[in-house]
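The values are calculated or read from the model by the stated rules, or taken from the named source; none is laboratory data. Just so it is clear, the structure is predicted and the values come from calculations on it, not from any experiment. Note that we place each Cβ from the backbone using ideal geometry, even for glycine, and neighbour counts take in every protein chain shown. Areas reflect the complete protein model, heavy atoms only, side chains present, ligands, DNA and RNA absent. Shrake-Rupley method; radii C 1.70, N 1.55, O 1.52, S 1.80 Å.
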Amino acid sequence: MVLGWRRRKGNSKQSKGGKLVMELVVPNHFRCPISLDLMKDPVTLSTGITYDRESVERWFEEGNITCPVTNQVVRNFDMIPNHSLRIMIQDWCVENKQHGVERIPTPRIPISPIEVAELLMQVKDSARALDQYGCLELVQKMKKWGGESERNKRCIVDNGAPVALASSFDAFANDSVERNVVVLEEILSALNWMFPLQLEAHKSLGSLASLSCMVWFLKHQDLSGKEKSIVALKELLSFGDVQHVEALSQIEGVNELLVEFINKRVSPTITKASLRVVWYLVSSSSNSSQKMKLAFVELGLVSSLLEILIDSDKSQYEKALAILDSLCSSEEGRNKACGNDLTIPLLVKKILRVSPLTTDYSVSALWKLCKFGEKDEGRTLVEALQVGAFQKLLLVLQVGCGDETKEKATELLKMMNPYRAELECIDSDYKNVKRSF
């Protein structure tokens, strides 16, 4: 099909000069048969059909073994760059530049597993020799490869880069953070687009030296460095290894840093990741979990979480409520929560709001406060009734919930029932609630 112009049917518009608006027709042989978009990196399969590299690679990655056009089984998955067609497409783009068509860049040759393996061997050798400048150059080369295409990133990750980089990070961190700070930051930056990591990489990145280095970054690096470090900690703890939690809890000042990040909210990435890290610390089955809860309560985290529930982004509600529910498992946490006038109204307000998880955490925290809270449990129950908890809990049972939440909601209703006759429910929207009294 040749280059041409056509009228837009139906609602053709006229310009100020009275001419019909026309649209550019892309030649069919310039389009990828899979995506129907203009090809940027045309490659030809053994069946003789040309596709855009990204589209056909995705096609095979999804488990297909046939040619999309001919439906023939592909036995040779080599993709031969179609340079002639790519040059024709580039020339066509240049000819139609005045119509808003941008010239496609000449694609780089994808890296091979052998090239990645050779580079990673050099990275390991540099790390063993503690050659930070040599290792820095190699990691920067790896990042450059990854920035060229998603295919390169997959090739780098699939051929063992996370393990090599994590072990190198551990080696330089064990030597000296201050002396090797540049290469350590570069390695951590590269690891950030390789998550989730393999088990072996987790072991290296979860060592006491590596964790201490990341906490050091949280204290001394700029915003970008802090974000990379807190995201790495979040991904590391998400693996569920109790030893990592124990190791992190031993590092001095980590609790204060996390609470500071939650309070200051310097960036959404840091705030969300900090909430997630705190959640892993207080909810783990490690021996230090109870100690961490007490430390966070003493640092005023309960009030900070309530502030988030008042005027923060909804995406943070689940994390904040999850931590609050965990802190209410301790006597100190319940005392702090009961001592804040906003706790009960906010918990009731979040029931059946945002997501099922927020309902589960809100009901659970409310149940803990009413059942195990102050000695005068009637005061907490009366306060919950006054802000509409009874009606909300009935709705929870009606709309459906998990078995655990259903049991707690039912028990709360039984506990509140004796006090209902003496009270009148007040408006539970709390639109004027802004700050803690």
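Selection of the stretch 112-161 for residues being more than 26 Å from D41 (Cα to Cα), of a type in the set (S, T, N, Q) and open to solvent by 70 Å² or more (accessible area, probe 1.4 Å) yields only Q122. Among the residues of the stretch 265-288, those that are open to solvent by 10 Å² or more (accessible area, probe 1.4 Å) and assigned to a helix (DSSP H, G or I) comprise P268, T269, K272, R276, W279, Y280, S283. When K371 is tested against the conditions (1) closer than 20 Å to K414 by Cα; (2) under 26 Å from the mean Cα position of the chain (by Cα), the lone failure is (2). Quick one: is K406 modelled with pLDDT of 80 or more, over 15 Å from L369 (Cα atoms) and not β-branched (V, I, T)? Answer is yes for this residue. Restricting attention to the stretch 227-264, the residues that are among the β-branched types (V, I, T) and open to solvent by less than 20 Å² (accessible area, probe 1.4 Å) total 5. Screening the candidates S176, S204, S167, S224 for the property of being of a type in the set (S, T, Y), closer than 19 Å to L248 by Cα and surrounded by fewer than 15 Cβ atoms within 10 Å (Cβ to Cβ) yields one hit, S176.
Can you say whether T410 is touching a residue at least 12 places away in the same chain (Cβ under 8 Å), over 18 Å from E318 (Cβ atoms), buried (at least 20 other Cβ atoms within 10 Å of the Cβ) and among the β-branched types (V, I, T), as far as the supplied structure shows? Answer is no for this residue. R103 satisfies every condition listed in (1) more than 21 Å from E150 (Cβ to Cβ); (2) touching a Cys at 6+ places or on another chain (Cβ under 8 Å); (3) open to solvent by less than 90 Å² (accessible area, probe 1.4 Å) except (3).
Has the stretch 375-382 got any residue that is in a helix (DSSP H, G or I), under 23 Å from A320 (Cβ atoms), at pLDDT below 90 and not charged (D, E, K, R)? Yes: one or more hits.
Pick from V215, V182: which is open to solvent by 40 Å² or more (accessible area, probe 1.4 Å), of a type in the set (V, I, T) and part of a helix (DSSP H, G or I)?
Numbers: V215 fails: open to solvent by 40 Å² or more (accessible area, probe 1.4 Å).
When all the criteria are applied, what remains is V182.
Among the criteria (1) in contact (Cβ under 8 Å) with a residue 60 or more places away in the chain; (2) on the phi > 0 side of the Ramachandran plot, the one L130 does not fulfil is (1). Looking only at the stretch 96-121, which residues are in contact (Cβ under 8 Å) with a residue 60 or more places away in the chain and part of a helix (DSSP H, G or I)? Within the stretch 96-121, H99 is the sole residue that qualifies. Among the residues of the stretch 334-370, those identified as of a type in the set (S, T, N, Q), under 18 Å from V387 (Cα atoms) and either open to solvent by less than 10 Å² (accessible area, probe 1.4 Å) or in a helix (DSSP H, G or I) (or both) are T343, T358, T359, S362, S364.
List the pairs whose first member sits in the stretch 44-59 and is touching a residue at least 60 places away in the same chain (Cβ under 8 Å), whose second member is surrounded by fewer than 21 Cβ atoms within 10 Å (Cβ to Cβ) and β-branched (V, I, T), and whose Cβ atoms are under 7 Å apart, counting only residues at least 6 apart or on separate chains? Sorted first by the residue in the stretch 44-59, then by its partner, the list stays empty.
Every condition in (1) farther than 19 Å from K226 by Cβ; (2) part of a helix (DSSP H, G or I) is met by L197 except one, and the failing one is (2).
Restricting attention to the stretch 265-314, the residues being modelled with pLDDT under 90 and among the β-branched types (V, I, T) number 2. Under 15 Å from R154 (Cβ atoms), assigned to a helix (DSSP H, G or I) and open to solvent by 80 Å² or more (accessible area, probe 1.4 Å), is that true of E54? Judged against the criteria, E54 is a match. Of all residues being out of contact with any helix residue (DSSP H, G or I) (no Cβ under 6 Å at 6 or more places or on another chain) and of a type in the set (S, T, N, Q) in the stretch 298-333, which is surrounded by the fewest Cβ atoms within 10 Å (Cβ to Cβ)? Just the residue, please. Once the filter is applied, the top-ranked residue is S315. The residues of the stretch 72-92 that are over 15 Å from P42 (Cα atoms) and not in a loop (DSSP other than H, G, I, E, B) amount to a single one, V73. Residues that are touching a helix residue (DSSP H, G or I) at 6+ places or on another chain (Cβ under 6 Å) and outside any loop (DSSP other than H, G, I, E, B) within the stretch 122-136 comprise Q122, V123, K124, S126, A127, Q132, G134, C135, L136, listed in sequence order.
With respect to H83, determine if the residue is surrounded by fewer than 18 Cβ atoms within 10 Å (Cβ to Cβ), more than 19 Å from R53 (Cα to Cα) and of a type outside the set (A, V, I, L, M, F, W, C). Walk me through how you get there before you give the answer.
Values: surrounded by fewer than 18 Cβ atoms within 10 Å (Cβ to Cβ): yes; more than 19 Å from R53 (Cα to Cα): no; of a type outside the set (A, V, I, L, M, F, W, C): yes.
So H83 does not fit the description; no.
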